[in-house]
Amino acid sequence: GAGVSQSPSNKVTEKGKDVELRCDPISGHTALYWYRQSLGQGLEFLIYFQGNSAPDKSGLPSDRFSAERTGGSVSTLTIQRTQQEDSAVYLCASTTSGGSVGQFFGPGTRLTVL
Amino acid sequence: QQQVKQSPQSLIVQKGGISIINCAYENTAFDYFPWYQQFPGKGPALLIAIRPDVSEKKEGRFTISFNKSAKQFSLHIMDSQPGDSATYFCAASASGGYNKLIFGAGTRLAVHP
C-alpha cells in the first residue's frame, strides 16, 4: 500500500489477556518504530527496528511488552497480561535508511483494556 | 534532558490570522526537528521539518523558525483556515531523524471562521 497500515484499528480486551498488534510499513522503508499515545503521557517512543533487529528498546514500559519484525517488513507488538493502564493508541511509523524523509505514521490501533 | 517543551496547550485563532506554536529543547544532540499535524482518529502527519543548519524553512503557509543558541523552534501558520484546526506536535530527534522522536505535549488549535 501507499502508507503505513495497522491492524486491528480497534481492540477491546479483558484485563489479563494477551494482545497482538500488527504494522505494515511503507514498502522499502528499512526502519520501523512503535509509539504509544495516551491522554496522560502524550506520544511516547516504545521501540525501533532497523531491518529485523531492534537497536533501541528503551521505551518498552515493562517485560510484558515485546515486539518483533520479520523479513524486514511486518512488525508485531505483543502485550502480555494486559492491564488497564495499557489502554492507549499504539502507533507505528516507518522511514527510509538514514531517515532523511522523516517518519511516516500509520492510523494507529486503539487498545481498550476492560 | 530528553524533554521537548511545547506551548501553548491550546490556541484559538480567527480565520486569516497567524497561529504560532513554540517549542524548546535541552539536548544539544538533537539535529532534526519535525512538526506533525494530527486530526481526531488519525495518526500524526508530517507537516514540515528543519535541521539546525538553517534558521527558517517555509512550505506554503507553514514556516518553522529555529534559534539554535536559544534551543527553541516555532511553527507559524499564516492565513490560518478552519481546516487547520487540529492538534500540532513538535518533536526532536538525533541522527537526522533516524533515531526515536521525542514529542512535545501538543497544541490544540481551533481556527474560527
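Residues that are surrounded by 14 or more Cβ atoms within 10 Å (Cβ to Cβ) and within 11 Å of chain B (Cβ to nearest Cβ), at least 1 per element: which strands (runs of 3 or more DSSP E) completely within the stretch A:31-114 meet that? Walk me through it before giving the result.
Working: elements: A:31-38, A:42-50, A:53-56, A:65-69, A:75-79, A:88-95, A:109-113.
By residue number, A:31-38, A:42-50, A:53-56, A:88-95, A:109-113.
How about the stretch A:55-87: which of its residues are on the phi > 0 side of the Ramachandran plot and small (Gly, Ala, Ser)? Before the answer, list the steps.
Applying the first criterion (on the phi > 0 side of the Ramachandran plot) to the stretch A:55-87 yields A:71-72, A:81.
Of everything in the stretch A:55-87, those that are on the phi > 0 side of the Ramachandran plot and small (Gly, Ala, Ser) turn out to be A:71, A:72.
Which residue pairs have Cβ atoms under 9 Å apart, sit 6 or more places apart or on different chains, and have a first residue in the stretch B:68-86 that is crowded, with 16+ Cβ neighbours inside 10 Å and at pLDDT 95 or above and a second that is part of a helix (DSSP H, G or I) and among the acidic types (Asp, Glu)?
Close Cβ pairs satisfying both conditions: B:77/B:84.
Which of the residues that make up the stretch B:21-47 are free of Cβ contacts under 8 Å to residues at least 60 places away in the same chain and surrounded by fewer than 16 Cβ atoms within 10 Å (Cβ to Cβ)?
Within the stretch B:21-47, B:26, B:28, B:39, B:40, B:41, B:42, B:45 meet the criteria.
Could you tell me which residue of the stretch B:88-102 is farthest from residue B:7 (Cα to Cα), considering only residues that are among the hydrophobic types (A, V, I, L, M, F, W, C) and surrounded by fewer than 24 Cβ atoms within 10 Å (Cβ to Cβ)?
First pass over the stretch B:88-102, keeping only residues among the hydrophobic types (A, V, I, L, M, F, W, C): B:89-92, B:94, B:101-102.
The next check asks that each one be surrounded by fewer than 24 Cβ atoms within 10 Å (Cβ to Cβ); those that pass are B:94, B:102.
Details: B:94: 22, B:102: 15 Å.
Once the filter is applied, the top-ranked residue is B:94.
Which strands (runs of 3 or more DSSP E) does the stretch B:28-103 wholly contain that include 2 or more residues that are within 14 Å of chain A (Cβ to nearest Cβ), of a type outside the set (Asp, Glu) and out of contact with any His (no Cβ under 9 Å at 6 or more places or on another chain)? Reasoning before the result, please.
Working: elements: B:33-38, B:45-50, B:56-59, B:62-67, B:72-77, B:86-92.
Hits in the stretch B:28-103: B:33-38, B:45-50, B:86-92.
Does the stretch B:48-58 include one or more residues that are under 25 Å from residue A:39 (Cβ atoms) and crowded, with 20+ Cβ neighbours inside 10 Å? I'd like the intermediate steps shown before the answer.
Step one: filter the stretch B:48-58 for residues under 25 Å from residue A:39 (Cβ atoms), giving none.
No: the stretch B:48-58 contains no residue that is under 25 Å from residue A:39 (Cβ atoms) and crowded, with 20+ Cβ neighbours inside 10 Å.
Within the stretch A:4-27, identify whether any single residue is under 29 Å from residue B:3 (Cα atoms), modelled with pLDDT under 95 and surrounded by fewer than 17 Cβ atoms within 10 Å (Cβ to Cβ), and answer yes or no.
Checked the stretch A:4-27: no residue is under 29 Å from residue B:3 (Cα atoms), modelled with pLDDT under 95 and surrounded by fewer than 17 Cβ atoms within 10 Å (Cβ to Cβ).
Regarding residue A:81, is this residue out of contact with any helix residue (DSSP H, G or I) (no Cβ under 9 Å at 6 or more places or on another chain), at pLDDT 95 or above and over 23 Å from residue A:38 (Cβ atoms)? First the steps, then the outcome.
Values: out of contact with any helix residue (DSSP H, G or I) (no Cβ under 9 Å at 6 or more places or on another chain): yes; at pLDDT 95 or above: yes; over 23 Å from residue A:38 (Cβ atoms): no.
Considered against the rule, which asks whether it is out of contact with any helix residue (DSSP H, G or I) (no Cβ under 9 Å at 6 or more places or on another chain), at pLDDT 95 or above and over 23 Å from residue A:38 (Cβ atoms), residue A:81 comes out as no.
Scan the stretch B:103-113 for residues that are crowded, with 16+ Cβ neighbours inside 10 Å and on the phi < 0 side of the Ramachandran plot and report the count.
At the first step, the residues of the stretch B:103-113 found to be crowded, with 16+ Cβ neighbours inside 10 Å are B:103-107, B:109, B:111.
Filter again for on the phi < 0 side of the Ramachandran plot, leaving B:103-105, B:107, B:109, B:111.
Total satisfying the criteria: 6.
For the stretch B:4-19, enumerate the residues that are among the β-branched types (Val, Ile, Thr) and buried (at least 17 other Cβ atoms within 10 Å of the Cβ). Walk me through it before giving the result.
We begin by selecting, within the stretch B:4-19, every residue among the β-branched types (Val, Ile, Thr); these are B:4, B:12-13, B:18.
B:4, B:13, listed by residue number.
The values are calculated or read from the model by the stated rules, or taken from the named source; none is laboratory data. Model, not experiment: these values are computed from the prediction. We place every Cβ from the backbone using ideal geometry, glycine too, and count neighbours over all the protein chains shown.
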